[in-house]
Structure formats: structure tokens, C-alpha cells
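Accompanying notes for the structure given below.
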Amino acid sequence: MKKKNIALALLATGCAAGPALAQSTSSVSLYGIIDVSVRAQSGLSGANAPAAGSMGSVNSGVGPTSRWGIRGSEDLGGGLRAIFNLESTLGADVGGIGGVAGTFDRAAIVGLAGHWGTVTAGRQNTLISDSVGLVDPIALRFAGLNPNIQVTSLTGHGLNNEWGATNTKVGSNRVNNSIKYSGSFGGLTARAMYSFGETGVSASRLDTRGLGLDWRQDDLVLTSAYTQFHDASGRTLDAANIGGAWSRGDLRLMLNYGRNKAETSDTAKTTNKILALGARYAVTPVIGLNGGYYKVDRERTGQGDDGFQRLIGFVDYQLSKRTSLFLELDTTKWKNGYQGAGNKTRASGISLGITHNF
């Protein structure tokens, strides 16, 4: 009889707790961008590297990078939420999913968010990438040609080495095994991040650490970030970005300066300095103009300094809230042989494309 009473009590407790647990609300959504364009270019390869000839192509990601993802949250009560995000690059021109870093190459995170801020763990953007995203003149479009993405954010650092735990020697704009904190206090947002190298050799092998600070007030945004990476040998890559954006009515102005320095050997270093500025203007509710100027200077131990200047511009026509057409124009002038022997000293391109958000 005693056991029966205990069982009934436990059952009653479970029934009482059930409705309370069921009251927690959650949401999951599928989202993405499909961007495809027809392009003609001279002096650039299909990978947007310097080249000797000309070519035509169908591209994915001249506008925003094509992607698909799943994100969701659960209300845990008391202002606390559980969140997650899985996001993958989508090669709409060839039907590919993911990249060299993995299937969910853009994001694979889970975390908690509350009044105190947000903590996420997994594969995610570095703080340099977060900072650049706030002030890039062309809003992170044309990732393969945009120097703020390729050089400042280190998506295509060109150093042929794995800096941080990234699964690739090509880029370090996102890292694995990371924990990130972001908290907003009035107009100030503070960020901190650490990524474990997990080499079993030393804590300073393939690890990443960084700090960031942003300020928002009315129409002004100021941002700064610093991130340090180590390779498998313990050599260092230091990267930083500082910038601002100002909006007034239909006009938005953006400016940023980035710098990174890598120990490419025990006796050699490579330094990149990037200046970017641009504007976006809504001519009408459906027609927009957007352009950016980028200047990249490179210094390498024992070699001459070189670099390039690049202009990228867009004319956008909004068909609906989800679908738009665009015309893109770009021109590049290489400096001091940056393009390599046998390649054209100038490059240019034109693209006509469509972007759909879902």
C-alpha cells in the first residue's frame, strides 16, 4: 500500500510538471539566399585571382553569398533562451553544398541568451569577421572579390597555412571549437572569443583568441576588433579592424581600416593593410546604388612591397521584399607586380544577376 501511494504521488507530480514544461515556446525556421549572375571579366580567373585572359561565367555569390540554414530558439523562462544555428554555403551555379571546411561551413552553434548577453559554442565567425560585417562598404557582397572579406576578414589570406582550427589552409574567417560571448549595455557591445586548437601538443597551437568593442548611437556605428591566431607550429597571425558607419535618411556612409601580420617562417613576416570606404543610397524605394573603394598594401620580408586598388559598384532593383535584380561593375589596378608574371596589369568585370531570399 505504501509503495502504491508513493507511485500515485510521483504520477501526480509528473502530471503537474507536464503542463509547466509544455508551456515553454520554441521556434525553428529554414532560411536562405540564392544568388546567381551571368558575368564577363578580363584579367581575372574563375577564382577571382589575377589572370592573363578573359572569360564568361555563371556565378553564385556575386551579390550576397548563397546559403541555406536552420535556426531556432526555445524560451526557457525568466528571460533565458536556448538558441542554435546551422548554416551552409550553397553553390547555386553548380548545386554544391558546404565548403572545404565542412557541410555546415558557415555556422554550427548552440548556446544560451539572456539579459546578460549571449554565449555560443561551435564553429562560428571570428570577431574580425563580425566587425567587418558592420561597416563593409558593399554589405559583404561579392565575397570572392571583396578585399574586406578576403583580406581583412582572412577568408582568403593567401598564406597557405592553417591559422586557428579551421580545417583549411585557405581562410580563417571562421574557426572551430570556439566559445563566444557578446553582451550589449546601452549603446556599447562587448565581445570575447576563444577557440581551442585541440592539438594535444600545446594550448598555443591552432588556438584563436579575440576581443571586440562596438558602439551604436542614433545613426552612428563604431566598431573595433582584434584576433590572434596560432598555427600548428605556434607561429602567430595578428589581425585587427576598426571602422564606422553613418546613416542619414536614404544615405549610408561606411569606412574601415584593417591590418594583419603573419609569421610565415621563423625569419619572415607578411603584413597586409586594407583601407575601405563607400556609400549606399536609395534613389527610390525600389532602386539603390552601392559602391566601395578598397586599397590593399602588402609587405613581405625580403621582397618588394605591392598591392592593388579595387572599385566595386552595384545598381539594385527590388522586385519584391524577397527578390531583386542587380548590375555589378568592378575594376582592379595591380601595383608593383602583385598580379604575377604574365598576367594583366588591370582587371575588370560586369555581372547581371538575381537574388532571392527565403
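The values are calculated or read from the model by the stated rules, or taken from the named source; none is laboratory data. Here the structure is a predicted model, which means the values were calculated and not measured. Methodologically, a virtual Cβ is constructed for each residue, glycine included, from the backbone with ideal geometry; neighbour enumeration extends over all protein chains shown. All accessible areas refer to the heavy atoms of the entire protein, side chains included, with ligands and DNA or RNA removed. Shrake-Rupley method; radii C 1.70, N 1.55, O 1.52, S 1.80 Å.
Which of the residues belonging to the stretch 326-341 are of a type outside the set (S, T, N, Q) and open to solvent by less than 70 Å² (accessible area, probe 1.4 Å)?
Restricting attention to the stretch 326-341, the residues satisfying the condition of being of a type outside the set (S, T, N, Q) are 326-330, 333-335, 337-338, 340-341.
Hits for the stretch 326-341 are 326, 327, 328, 330, 334, 337, 338, 340.
Scanning the stretch 164-220 for residues that are of a type in the set (Val, Ile, Thr), in a loop (DSSP other than H, G, I, E, B) and open to solvent by 60 Å² or more (accessible area, probe 1.4 Å) yields 170, 201.
Among residues belonging to the stretch 309-325 that are of a type in the set (Gly, Ala, Ser) and within 19 Å of residue 137 (Cβ to Cβ), point out the one that is surrounded by the fewest Cβ atoms within 10 Å (Cβ to Cβ).
That would be 313.
Sort out which residues of the stretch 104-121 are open to solvent by less than 20 Å² (accessible area, probe 1.4 Å) and farther than 28 Å from residue 37 by Cβ, and write them in order of number. Across the stretch 104-121, the qualifying residues are 111, 113, 117, 120.
Total residues in the stretch 231-241 satisfying the condition of being open to solvent by 20 Å² or more (accessible area, probe 1.4 Å) and touching a Leu at 6+ places or on another chain (Cβ under 8 Å): the figure is 1. Restricting the first member to the stretch 168-183 and to residues that are among the polar types (S, T, N, Q), and the second to residues that are open to solvent by 40 Å² or more (accessible area, probe 1.4 Å) and assigned to a strand (DSSP E or B), the beta-carbon pairs closer than 6 Å and six or more apart or on different chains are 182/118; 182/191. Considered as a group, the residues in the stretch 27-41 that are open to solvent by less than 30 Å² (accessible area, probe 1.4 Å) and among the hydroxyl-bearing types (Ser, Thr, Tyr) include one that is farthest from residue 137 (Cα to Cα), and that residue is 31.
Does residue 67 satisfy being basic (Lys, Arg), closer than 20 Å to residue 322 by Cβ and in contact (Cβ under 8 Å) with a residue 24 or more places away in the chain?
Considered against the rule, which asks whether it is basic (Lys, Arg), closer than 20 Å to residue 322 by Cβ and in contact (Cβ under 8 Å) with a residue 24 or more places away in the chain, residue 67 comes out as yes.
Residue by residue, here is whether (1) open to solvent by 60 Å² or more (accessible area, probe 1.4 Å); (2) of a type outside the set (Lys, Arg); (3) under 21 Å from residue 336 (Cβ atoms); (4) touching an Asp or Glu at 6+ places or on another chain (Cβ under 7 Å) holds:
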{"position": "244", "(1), (2), (3), (4)": "no, yes, no, no"}
{"position": "247", "(1), (2), (3), (4)": "no, yes, no, yes"}
{"position": "251", "(1), (2), (3), (4)": "no, yes, no, no"}
{"position": "255", "(1), (2), (3), (4)": "yes, yes, no, no"}
{"position": "284", "(1), (2), (3), (4)": "no, yes, no, no"}
{"position": "295", "(1), (2), (3), (4)": "yes, no, yes, no"}
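Select, from 92, 101, 9, 47, the only residue that is under 25 Å from residue 166 (Cα atoms), open to solvent by less than 60 Å² (accessible area, probe 1.4 Å), at pLDDT below 95 and small (Gly, Ala, Ser).
Values: 92 fails: at pLDDT below 95; 9 fails: under 25 Å from residue 166 (Cα atoms); 47 fails: open to solvent by less than 60 Å² (accessible area, probe 1.4 Å).
Every option except 101 fails the conditions.
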